[in-house]
Structure formats: C-alpha cells, structure tokens
1. Semi-axes of the equivalent ellipsoid of segment 150-253: what are they in whole Å, largest first, if each equals the square root of 5 times a C-alpha gyration tensor eigenvalue?
2. Heads up, I need the accessible area for Phe202: 1.4 angstrom probe, whole protein in place, Å², nearest 10.
3. From the phi angles alone, apply the Karplus equation (6.51, -1.76, 1.60; θ = phi - 60°) to segment 83-89 and give each ³J(HN,Hα) in whole Hz, x where the residue is Gly or Pro.
4. Mind checking the angle between helix 57-67 and the chain's longest principal axis? C-alpha axes, 0 to 90 degrees, to the nearest 10.
5. Counting only residues 5 or more places away or on other chains, whose amide H sits under 5 Å from the amide H of Lys178 once H atoms are built in the peptide plane?
6. For segment 142-190, what ratio Rg/Rh do Cα atoms give with a Kirkwood hydrodynamic radius?
7. Of Phe249, Phe80, Phe63, which is the most mobile in a GNM of the chain whose springs link Cα atoms less than 10 angstrom apart?
8. If you find the alpha carbon centre of segment 211-263 and of segment 3-64, how far apart are they in angstrom?
Amino acid sequence: MIGDAEVEYLLDDLQRVYGYDFTNYSKASIKRRINRLFSLDKFPSFAEFRYKLKTDEEYLKRFVEEITVNVTEMFRDPEFYRAIRKDVLPVLATYPFIRIWHAGCSTGEEVFSMAVLLKEAGLLHKSILYATDLNPDVVFQARKGIFSLVKMKAFSENYIASGGTNEFSTYYTAKYDKAIFHSDLSNKMVFATHNLVSDRSFNEFQLIICRNVLIYFDKDLQEKVLKLFDESLENLGFLALGSKETIRFASIANKYKSSGKEKIWRKVF
C-alpha cells in the first residue's frame with residue numbers, strides 16, 4: 001500500500017519531469033487510484049514504481065489514463081440533455097455563430113451528443129464545438145468518432161429519453177463491431193489537449209460544459225477552474241456542470257443564475 005508521503009513524491013515527480021500538476025486533485029481519490037494501479041501492475045516496491053514512472057514515457061500514458069477519470073456515455077443523464085434542448089438551444093439560436101467548449105471531453109461521447117442536438121435544432125451549421133482533455137490519448141480517440149457498436153443500444157435509449165425523435169442509427173455507419181459517426185458532426189469539432197489546472201482561456205464561449213470533473217478537485221482547484229470558465233464565458237452564456245457539482249460556494253456565484261434542477265447556470269453579470 002502506497003502512503004500519503006509516497007503519493008506526494010509521485011505528484012512532485014510528475015510536475016517536475018512532465019509538467020502534469022495533480023497536486024490539488026482530491027487526495028483520497030488520487031491515492032486510491034494510484035494504489036489500484038500499483039497493485040494491478042504488480043510492482044515489487046514503491047521505488048521501482050516511481051522509477052518506471054519517471055523514466056518510461058509509455059508508462060506515463062498508462063498512469064495518466066488510470067488517474068484521470070474517463071467514465072462517459074452518449075446522452076448521459078438524459079434529463080440534462082432535455083434541459084439543454086428546452087432552455088439553452090433556443091437562446092443559442094439567436095446568435096449568428098455559436099461556440100461551445102466541452103472541458104474534460106474524455107473519449108468524446110458527450111461532444112457527439114451535443115452535435116446531434118445542434119443538428120436536430122438546425123444549429124450545427126453555425127456552431128463550432130471545442131473538445132479538450134488533459135489526456136492526449138483520449139483526445140486522439142475522441143477525434144476519430146468511432147465507438148463500440150455494442151454500446152449503441154444503451155446510447156439510443158438515452159437519446160430517446162433526452163427527447164430525440166429520429167432513428168439514432170441515422171447518425172452513424174455500422175462497420176463490423178464499430179459505430180462510425182458521420183463526418184458532418186465531426187467536421188464541426190476541434191479537439192485539443194488542455195490542462196484546466198495550468199492552461200489559460202483560449203476563446204470566448206456561449207456554452208461551457210464540464211461535467212463530473214470538478215468532483216475530483218479540492219476546493220482551491222475548483223475555485224481556480226471556475227474562474228477560468230468565468231473568464232471564458234460570454235455575458236449571458238451558460239455553464240453546465242455535473243449533477244454533484246455546484247458553483248454555489250465559489251467567488252463567481254453572484255454573477256450566475258440557476259436555470260433549474262439540472263446543473264446549468266447562466267452568467268448574468
């Protein structure tokens with residue numbers, strides 16, 4: 001079992017050697033995931049684990065993938081997407097050009113979900129979706145727009161529950177065991193690596209979506225990221241977080257108005 005002091009050594013190594021800053025992630029969460037990886041890969045000692053991480057860039061990729069959470073699905077939490085359809089898209093329709101940022105996009109399922117919503121609302125042609133993640137491997141995977149065909153049944157059910165009325169299969173081509181989403185969706189997307197901890201704002205958006213990422217950060221880091229989102233959001237723009245996340249106790253809270261039970265806020269000041 002790796003203890004608190006050893007975790008601190010690893011996090012310091014990551015920051016000095018590779019520039020990854022995990023120091024303000026939730027300590028309990030990151031310690032649990034590090035110990036899981038240590039056990040899975042059967043290292044005989046902490047020293048060997050630490051040496052491997054410092055000297056093997058391929059192993060670094062595995063480490064980052066295990067430490068960063070990539071749990072996602074299309075139209076995850078369908079009621080959230082219903083709220084986007086009902087409360088957000090009609091407002092975005094009034095803009096001549098729409099910029100949306102998916103921060104922490106993981107393998108891209110939620111970005112493609114949003115593109116489907118925009119297409120059905122007749123807004124995709126004037127939209128650009130920026131999708132970013134800390135992990136370059138999942139960004140590479142997301143960019144391809146290829147997902148397991150086995151998952152399409154569950155994704156289709158989510159889509160219908162979110163208010164979708166088309167055949168979900170019209171948005172992709174089935175090939176062997178893969179679902180390849182059509183290029184008219186992916187052509188409106190820009191994928192890039194971006195570190196919410198250390199990187200700056202890179203555009204101004206009308207909608208920022210960052211769901212189930214902040215729960216893994218401590219309060220100081222949550223505050224820092226929320227300020228980044230505030231700097232990146234146009235006045236009257238929307239900020240959407242995960243079901244267990246809030247801006248209620250953040251310094252930016254008085255600038256935002258809640259849109260209802262789904263975690264969507266509108267910037268009003």
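1. Details: eigenvalues 205, 54, 41 Å².
Ellipsoid semi-axes (Å, largest first): 32, 16, 14.
2. My reading of the accessible area for Phe202 is about 80 Å².
3. Karplus values, whole Hz, x for Gly and Pro: 5, 4, 4, 7, 9, 9, 4.
4. For 57-67 against the chain, the angle is about 60 degrees.
5. Leu149
6. Values: Rg = 11.0 Å, Rh = 11.4 Å.
Here Rg/Rh amounts to 0.96.
7. Phe249
8. Cα centroid to Cα centroid, the span is 28 Å.
The values are calculated or read from the model by the stated rules, or taken from the named source; none is laboratory data. Bear in mind the structure is a predicted one, so any value in this text is a computation, not a measurement. FYI the Cβ positions are ideal-geometry reconstructions off the backbone, even for glycines, and counts take in every protein chain you see. Quick note on the areas: whole protein, heavy atoms, side chains included, nothing else; ligands and nucleic acids left out. Shrake-Rupley method; radii C 1.70, N 1.55, O 1.52, S 1.80 Å.
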